[in-house]
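Notes follow once the structure below has been shown.
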């Protein structure tokens with residue numbers, strides 16, 4: 001029994017096929033891809049091909065789900081932020097790389113920065129914003145969604161894996177307008193829908209193709225999850241484990257987080273920091289909310305409204321929680337942490353996240369100079 | 001007869017023969033389809049003309065462990081155990097041999113190992129210079145000196161911290 005001669009001939013060359021080389025290059029870090037642009041003309045055009053960029057980003061996102069790469073955000077001064085990338089080592093985290101925002105980017109507070117699939121959204125005090133790819137050291141000025149950007153706005157950034165596109169939503173709570181931005185088209189378009197109730201949390205959590213915020217209905221004080229389904233572009237509601245959360249609590253902490261592919265709900269007191277960690281085991285089914293464990297940080301976490309927390313699933317039953325300067329490993333069936341390590345988290349950390357993936361997005365975009373007038377302290 | 005039914009013989013380019021369990025050989029899509037085409041035939045020898053014996057041995061070793069680990073860790077933990085084995089498996093392969101192996105695996109159409117070897121090669125060239133990579137893949141530089149200098153100038157940071165060994 002032999003393989004056919006036709007196949008034999010096509011494979012008998014001594015060099016690796018182009019398809020195989022592409023498969024290898026798809027697994028490279030962004031820095032190497034950028035460097036290898038000058039290997040040859042065909043490699044350069046391959047790297048600038050949108051289908052290569054798409055596949056590369058998808059592989060990087062899948063890898064980030066397994067590798068537990070931690071991205072911290074810290075505001076050294078109010079006007080500039082630093083991002084640090086950490087990798088997991090012996091139940092703790094080691095800093096791999098530091099990204100500083102380009103000096104011309106001015107930051108106007110904790111809630112106006114977001115990260116999704118390797119791009120970071122940063123906004124200026126007056127509401128205009130840039131998308132920044134820290135690994136590529138490139139930023140792109142996004143057009144204003146409306147001529148006058150409201151201070152009562154909510155913005156959400158996500159990566160659309162089906163369309164290979166970065167998208168944003170802009171919600172103007174005063175004018176009741178909703179707009180969606182697509183990076184590939186570089187334009188905002190209005191959609192005829194508004195969220196049910198008021199949005200309470202600043203940064204959305206992106207799981208199951210939807211953005212999630214904590215919402216509240218003003219008259220009834222009914223707390224719930226505001227869901228924006230990014231494929232059908234409609235708002236939905238989901239229930240929290242309980243709805244009258246804030247009554248009788250002093251300094252409450254209430255937020256959503258991502259835990260693997262699931263939505264997580266964090267609820268407790270901020271001072272002392274005692275937080276219950278909930279998870280919606282079956283997406284969209286409110287009866288499936290389950291309380292996993294309680295994190296008790298006592299008074300070790302300062303400024304609780306701004307301290308970040310990030311959760312990730314490891315192995316079958318382990319959850320890593322990063323809070324303040326501590327890395328806690330929990331077994332889902334156990335209240336006390338299996339291990340607890342400190343790591344060199346930067347001062348003034350405001351956000352931790354586990355979903356950072358290197359991306360080639362913006363490789364082909366021209367470096368757009370940001371309007372000098374927004375950079376008041378450039379001199 | 002019954003005892004040899006679940007075995008198949010893979011013949012390398014040098015003519016060396018390897019007797020392999022069907023459970024292992026069926027991970028090689030091309031072998032699987034040849035055997036299906038010739039169902040009922042008593043001839044259980046598949047010639048892999050262009051694949052050298054050393055690569056046939058590596059591929060068999062990988063899938064033998066893959067099949068065994070999968071059976072042993074049906075309840076869970078298979079991926080972790082496989083990762084451990086893959087690390088040890090790759091350590092014994094020379095960087096030049098990785099190229100030969102990836103061609104062989106691509107030819108035999110074995111997706112799991114293909115991913116492992118592609119990732120290993122990517123890891124190997126990750127911090128290498130442009131010159132090293134051209135030599136490694138046998139690629140001819142078709143840029144002029146000016147063109148190349150300009151491309152380098154566009155992203156100078158990407159050329160820092162590169163090693164050549």
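The values are calculated or read from the model by the stated rules, or taken from the named source; none is laboratory data. From a predicted model like this one, the values you see are computed outputs, not experimental measurements. Methodologically, a virtual Cβ is constructed for each residue, glycine included, from the backbone with ideal geometry; neighbour enumeration extends over all protein chains shown.
List of remarks:
- Enumeration of residues in the range B:33-70 that are part of a helix (DSSP H, G or I) and within 12 Å of chain A (Cβ to nearest Cβ): B:33, B:34, B:35, B:36, B:37
- Verdict on residue B:89 being within 12 Å of chain A (Cβ to nearest Cβ) and touching a helix residue (DSSP H, G or I) at 6+ places or on another chain (Cβ under 8 Å): no
- Selection count where residues are touching a residue at least 40 places away in the same chain (Cβ under 8 Å) and buried (at least 22 other Cβ atoms within 10 Å of the Cβ), scope the range A:117-129: 3
- Meets criteria (in the same structural domain as residue B:115 (by TED's automatic domain parsing), within 27 Å of residue A:21 (Cα to Cα) and surrounded by 18 or more Cβ atoms within 10 Å (Cβ to Cβ)) for residue B:59: yes
- Of the residues in the range A:214-230, at least one is closer than 27 Å to residue A:141 by Cα and touching a residue at least 60 places away in the same chain (Cβ under 8 Å).
Yes or no, residue by residue, for (1) free of Cβ contacts under 8 Å to residues at least 24 places away in the same chain; (2) in a helix (DSSP H, G or I); (3) facing chain A (nearest Cβ under 9 Å); (4) over 24 Å from residue B:48 (Cα atoms):
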residue	(1), (2), (3), (4)
B:76	yes, no, yes, yes
B:99	no, yes, yes, no
B:107	no, yes, yes, no
B:124	no, yes, no, yes
B:147	yes, yes, yes, yes
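- Going through (1) part of a helix (DSSP H, G or I); (2) at the interface with chain A (Cβ under 9 Å from one of its Cβ atoms); (3) touching a helix residue (DSSP H, G or I) at 6+ places or on another chain (Cβ under 6 Å) one by one, residue B:142 falls short only on (1).
- Of all the criteria given as (1) touching a residue at least 12 places away in the same chain (Cβ under 8 Å); (2) under 30 Å from residue A:317 (Cβ atoms); (3) facing chain A (nearest Cβ under 7 Å), the one not satisfied by residue B:118 is (2).
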